[in-house]
1. Only residues in segment 43-71 that are touching a residue at least 12 places away in the same chain (Cβ under 8 Å) and closer than 15 Å to Ala190 by Cβ count as the first member; pair them with residues that are in a loop (DSSP other than H, G, I, E, B) and not acidic (Asp, Glu), Cβ under 6 angstrom, at least 6 apart or cross-chain, and list the lot.
2. Which one of these does Tyr87 not meet: (1) farther than 30 Å from Gln224 by Cα; (2) in contact with a Lys or Arg (Cβ under 8 Å, 6 or more places away or on another chain); (3) free of Cβ contacts under 8 Å to residues at least 40 places away in the same chain?
3. Residues to consider are Leu128, Leu241, Leu154, Leu159; find the one that is crowded, with 18+ Cβ neighbours inside 10 Å, at pLDDT 95 or above and over 22 Å from Leu31 (Cα atoms).
4. Of all residues being among the β-branched types (Val, Ile, Thr) and in a strand (DSSP E or B) in segment 192-218, which is farthest from the chain's Cα centre (by Cα)? Just the residue, please.
5. Quick check: is even one residue across segment 223-231 farther than 22 Å from Asn98 by Cβ, hydrophobic (A, V, I, L, M, F, W, C) and under 16 Å from the mean Cα position of the chain (by Cα)?
6. Tally the residues that are crowded, with 21+ Cβ neighbours inside 10 Å and without any contact (Cβ under 8 Å) to a residue 60 or more places away in the chain, restricting the search to segment 9-41.
7. Condition check: closer than 25 Å to Ala273 by Cα, of a type in the set (A, V, I, L, M), at pLDDT below 95 and surrounded by 15 or more Cβ atoms within 10 Å (Cβ to Cβ). Does Ala81 satisfy that?
8. Restricting to segment 34-72, name every residue that is touching a helix residue (DSSP H, G or I) at 6+ places or on another chain (Cβ under 8 Å) and either within 20 Å of Ala5 (Cα to Cα) or not in a loop (DSSP other than H, G, I, E, B) (or both).
Amino acid sequence: MAGWAEFAKNVSGEWDGFGADFSKQGEPIELPESVVPGAYREWEVKVFDWQTQCPTLARDDDAFSFMYKFIRLLPTVGCEADAATRYSIDERNISDANVSAFVYQPTGCYVAAWSNNHDGNYNTAPYLSWELEHCLIDPRAKESRVRIVQVVRLQDSKLVLQNIKVFCEHWYGPFRNGDQLGGCAIQDSAFASTKALDPAEVIGVWEGKHAISSFNNAPEKVIQELVDGSTRKTVRDELDLVVLPRQLWCCLKDIEGGETYCEVGWLFKQGRAMTSKCIFSDNGKLKEIAIACESAAPAQ
């Protein structure tokens, strides 16, 4: 895994931004009333976004250690971010038992399958649930990224989408374990209630070279570098397409042979998109993960 050192350099640091939860139909979910400042309630302003921090650290060593703390901050009125109070902290570490798979690219992109089963075994019946976290680095600016989390479960031998989480983040300094806020210098803004992607911009034929990790006959827990593979063609339609703000989308779709793919995408430029896809076999086991930079095929 020769690319780990480069990955560690690009993914590590203090990332801050905004995050929001969405229903499986792509509708933004309001924050709990208990955390919304009284001024917003008086003005009847709906609040959908958390300001967030995500201090991340990957070490360039043989252990392939990677962790982050995902921190939600209580909403504030005006430019008070530097005095914001932490609402929750969720720490993730790929050495934990609840990581089913972790794949990465030297650019800082990664995909993690976090098991929601209490025993940490993602192949245990009767209830299988995962958070599929897709982290995509902007190919035009490596200090900008999106993380899209698909919360999925296996129901009656079929994968179903429960809800979606989206985080838009910028790198603003070396890793300091979250002890400093970007504050009013934060480069991003709330986005949950902004206009969603126009489906017409992503339906049709797309193609691009895919970087792939295969999990056929793999052990239960795998950390792998994505390996450049062949150019693939994808045909997208509106069926099962969930459009999101910030030119993002996701999709959970059954394909031939009883397999299911869970895809996310980021239209970073007209006719150009980054995609990440997890393919599951008909028995709910992870089969493949692929990340690609795709282009829309010319209209015939």
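1. Between residues of segment 43-71 that are touching a residue at least 12 places away in the same chain (Cβ under 8 Å) and closer than 15 Å to Ala190 by Cβ and residues that are in a loop (DSSP other than H, G, I, E, B) and not acidic (Asp, Glu), the close pairs are Val47/Leu31; Val47/Val36; Val47/Pro75; Phe48/Ala192; Phe48/Ser193; Asp49/Ala190; Asp49/Ala192.
2. (3)
3. On the way: Leu128 fails: at pLDDT 95 or above; Leu154 fails: at pLDDT 95 or above; Leu159 fails: at pLDDT 95 or above.
Result of the check over Leu128, Leu241, Leu154, Leu159: Leu241.
4. Going through segment 192-218, the residues among the β-branched types (Val, Ile, Thr) turn out to be 194, 202-203, 205, 212.
From what's left, in a strand (DSSP E or B): 205, 212.
Working: Val205: 23, Ile212: 17 Å.
Of everything passing the filter in segment 192-218, Val205 is farthest from the chain's Cα centre (by Cα).
5. Our first condition is that a residue be farther than 22 Å from Asn98 by Cβ; within segment 223-231, this holds for 227-231.
Keeping just the survivors that are hydrophobic (A, V, I, L, M, F, W, C) gives 227.
Narrowing the set further to residues that are under 16 Å from the mean Cα position of the chain (by Cα) leaves none.
Checking segment 223-231: not a single residue is farther than 22 Å from Asn98 by Cβ, hydrophobic (A, V, I, L, M, F, W, C) and under 16 Å from the mean Cα position of the chain (by Cα).
6. The total comes to 1.
7. Against the criterion (closer than 25 Å to Ala273 by Cα, of a type in the set (A, V, I, L, M), at pLDDT below 95 and surrounded by 15 or more Cβ atoms within 10 Å (Cβ to Cβ)), Ala81 does not qualify.
8. Selection gives Arg41, Gln51, Thr56, Ala58, Arg59, Asp60, Phe64, Phe66.
The values are calculated or read from the model by the stated rules, or taken from the named source; none is laboratory data. It should be emphasised that the depicted structure is a prediction, and the values quoted were computed from it without experimental measurement. Backbone-built Cβ (ideal geometry, glycine too); neighbour counts: all protein chains shown.
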